[in-house]
Amino acid sequence: GGAGKVPAAPGGSPYRIALNIRQSGIYVAFALIVVLFTMLTGGDLLQPQNISNIIVQNSYILILAIGMILVIISGHIDLSVGSVVAVTGAVAAVLMVNHDMAWPLALVVTLVVGALIGAWQGYWIAYFGIPSFIVTLAGMLLFRALTLTVLGNQGIGPFPSEIRTLSNGFTAGYLGNIGLGVLGGADLFSLLAGL
């Protein structure tokens, strides 16, 4: 009669919580690294200003990771993501600095260019059945070369002050702050953009 049943836990539930070291090993390693560097820095690692700096300095990686989650969930991989960021950044720089385009318009054009690049690569994967590894590997090389071409092998600057402020991760706030109780306040524009 009892073959195939999961043994009941002490509370009577048929489910058990098991610690799987393979699945949680990365979290344990991360926690140990945080503890180590907190001790080595005298607690400075976990100071709010340092956490804010880490988030600002890695914000572009976090944004790219959101898109990559969708790609990986669908069973594919995108090797060209860094090169696409480079070429779209080069397009934005050329539009703003060399062609004096207003920065909001330049950002919209840049987003359209990025979407077209994604659609172009997706077209080859979806309609021709070419593995995403191959398409994005070719894209990585192509867009890296295109970045150098767009920039003319030289740096471009200076950028408009609004873009420099945006890239620092802090703005004056366009819609003001709202209270979040014990969490303090938050910029309403940032919250809406996040949603």
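Taking all protein chains into account, the per residue accessible area for segment 98-165 stands at 67 Å² (1.4 Å probe).
Nonpolar atom fraction for segment 41-195, defined as the carbon and sulfur part of the 1.4 Å probe accessible area, stands at 70 percent.
Remark: the Cα gyration tensor places segment 74-146 in the prolate category, a/c being 1.5 or greater and a/b exceeding b/c. On the beta carbon distance between VAL56 and LEU105, with R0 = 25 Å, the FRET formula returns roughly 0.50.
With R₀ set to 25 Å, the beta-carbon distance separating SER167 from PHE37 gives a calculated FRET efficiency near 0.45.
Quick check on segment 26-108: take the gyration tensor over C-alpha atoms, sort the square-rooted eigenvalues as a ≥ b ≥ c, and tell me if it's rounded (a/c under 1.5), prolate or oblate. Oblate.
The values are calculated or read from the model by the stated rules, or taken from the named source; none is laboratory data. Please read these numbers as outputs of a predicted model, since none were measured by experiment. When we count neighbours, we look across all protein chains shown, and the Cβ atoms used for this are built from the backbone with ideal geometry, even at glycine. These accessible areas exclude ligands, DNA and RNA; they are computed on the full protein's heavy atoms, side chains included. Shrake-Rupley method; radii C 1.70, N 1.55, O 1.52, S 1.80 Å.
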